[in-house]
1. Any residue in the range 55-63 that is surrounded by 15 or more Cβ atoms within 10 Å (Cβ to Cβ) and out of contact with any strand residue (DSSP E or B) (no Cβ under 6 Å at 6 or more places or on another chain)?
2. Any idea which residue in the range 81-101 is surrounded by the fewest Cβ atoms within 10 Å (Cβ to Cβ), counting only those that are more than 16 Å from residue 333 (Cβ to Cβ) and in contact with a helix residue (DSSP H, G or I) (Cβ under 8 Å, 6 or more places away or on another chain)?
3. Taking residue 239, is it without any contact (Cβ under 8 Å) to a residue 60 or more places away in the chain, in contact with a helix residue (DSSP H, G or I) (Cβ under 7 Å, 6 or more places away or on another chain) and under 19 Å from residue 188 (Cβ atoms)?
4. Within the range 233-248, which residues are crowded, with 21+ Cβ neighbours inside 10 Å and within 18 Å of residue 215 (Cα to Cα)?
5. Across the range 148-174, what is the number of residues that are part of a strand (DSSP E or B) and either in contact with a helix residue (DSSP H, G or I) (Cβ under 7 Å, 6 or more places away or on another chain) or within 22 Å of residue 256 (Cβ to Cβ) (or both)?
6. So, residue 78, is that one under 24 Å from residue 300 (Cα atoms), surrounded by 15 or more Cβ atoms within 10 Å (Cβ to Cβ) and either at pLDDT below 95 or touching a helix residue (DSSP H, G or I) at 6+ places or on another chain (Cβ under 8 Å) (or both) or not?
7. Looking at the range 175-212, which of the residues that are free of Cβ contacts under 8 Å to residues at least 40 places away in the same chain and outside any helix (DSSP H, G or I) is nearest to residue 304 (Cα to Cα)?
8. Is it the case, given these coordinates, that residue 217 is at negative phi, surrounded by fewer than 20 Cβ atoms within 10 Å (Cβ to Cβ) and without any contact (Cβ under 8 Å) to a residue 60 or more places away in the chain?
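The values are calculated or read from the model by the stated rules, or taken from the named source; none is laboratory data. The shown structure was predicted, so the numbers you read here are calculated from the model rather than taken from an experiment. All Cβ positions, glycine included, derive from the backbone under ideal geometry; neighbour counts span all protein chains shown.
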């Protein structure tokens, strides 16, 4: 089976082919928009939509040529229909529907957050139930996952998502887009607990499993206003302390939830799941013993907004529910 996945929820236009069973099951082409949005300090929805419109036919042709696949060989077309920027979503979803109609192929709309939730299952054998931690630019949530179409959200962000807090933190420190990535790279070079930084606050919101990252973002703003980093080394040290505060909350609350719900496997997804400090902290805190918890991360190409996970999730949806509705509309916010 060959699945074509299309992703256009924000500022990356991505198309991918998923061929389960092959040694290299994914082939993907991505068009990024960092240079377009960087002068504005964030994603401009209208510019994002126009860029998707220009890029998507070209990168689809490039993908098929790269994989040596014809549209007639494709068995299923899947596309993100939300959540995300409305105009950006419309471009990708409409293009996918047009392809499905013209090529007479089945189509399925894919929930972007669910795609992150199940991304690691495209590469790993994962036993149900598991605890999913989804950490992206717009969402942070915990869910007990019992099957590919059965999950229950037990915690979510009350304000800024973790990825949003990282992007805003990067902006406060004067770093270019992509903010979260550039902040993480500085944090890797920095040292925690130096006079340059501080122990930024952690919001645990006990006893709930909800998250809040607006406070740590505001603390960074006040810290930088009072103590602006004057050297690259100082900036890296501040970044290290800030990233540490965010990752500390994510890891502690997730492990606590896994133990409380007696789940032995944690599956992490979303752009922030690529963070090296997050992976290190999980590894250090779930080691050994009879109560050890297994933590599974997707490979780096499956972490950020990508079409690989859309294709893989599309296959799961199709196998459970069959073809989707060509009348499916986009939705901007995730409600479950």
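1. Filtering the range 55-63 down to residues surrounded by 15 or more Cβ atoms within 10 Å (Cβ to Cβ) leaves 55-56, 59-60, 63.
Narrowing the set further to residues that are out of contact with any strand residue (DSSP E or B) (no Cβ under 6 Å at 6 or more places or on another chain) leaves none.
No, the range 55-63 has no match at all.
2. Ranking the qualifying residues of the range 81-101, first place goes to 99.
3. Details: without any contact (Cβ under 8 Å) to a residue 60 or more places away in the chain: no; in contact with a helix residue (DSSP H, G or I) (Cβ under 7 Å, 6 or more places away or on another chain): yes; under 19 Å from residue 188 (Cβ atoms): yes.
No; evaluated as a whole, the condition is false for this residue.
4. Of the range 233-248, the ones crowded, with 21+ Cβ neighbours inside 10 Å are 235-243, 245-247.
Across the range 233-248, the qualifying residues are 238, 239, 240, 241, 242, 243, 245, 246, 247.
5. In the first step, residues of the range 148-174 are kept if they are part of a strand (DSSP E or B); the result is 150-157.
Going one step further and asking which of them are either in contact with a helix residue (DSSP H, G or I) (Cβ under 7 Å, 6 or more places away or on another chain) or within 22 Å of residue 256 (Cβ to Cβ) (or both), we end up with 151-157.
Within the range 148-174, residues that are part of a strand (DSSP E or B) and either in contact with a helix residue (DSSP H, G or I) (Cβ under 7 Å, 6 or more places away or on another chain) or within 22 Å of residue 256 (Cβ to Cβ) (or both) number 7.
6. Details: under 24 Å from residue 300 (Cα atoms): yes; surrounded by 15 or more Cβ atoms within 10 Å (Cβ to Cβ): yes; either at pLDDT below 95 or touching a helix residue (DSSP H, G or I) at 6+ places or on another chain (Cβ under 8 Å) (or both): yes.
In short, yes.
7. 175
8. Numbers: at negative phi: yes; surrounded by fewer than 20 Cβ atoms within 10 Å (Cβ to Cβ): no; without any contact (Cβ under 8 Å) to a residue 60 or more places away in the chain: yes.
Spelling it out, it is not the case that residue 217 is at negative phi, surrounded by fewer than 20 Cβ atoms within 10 Å (Cβ to Cβ) and without any contact (Cβ under 8 Å) to a residue 60 or more places away in the chain.
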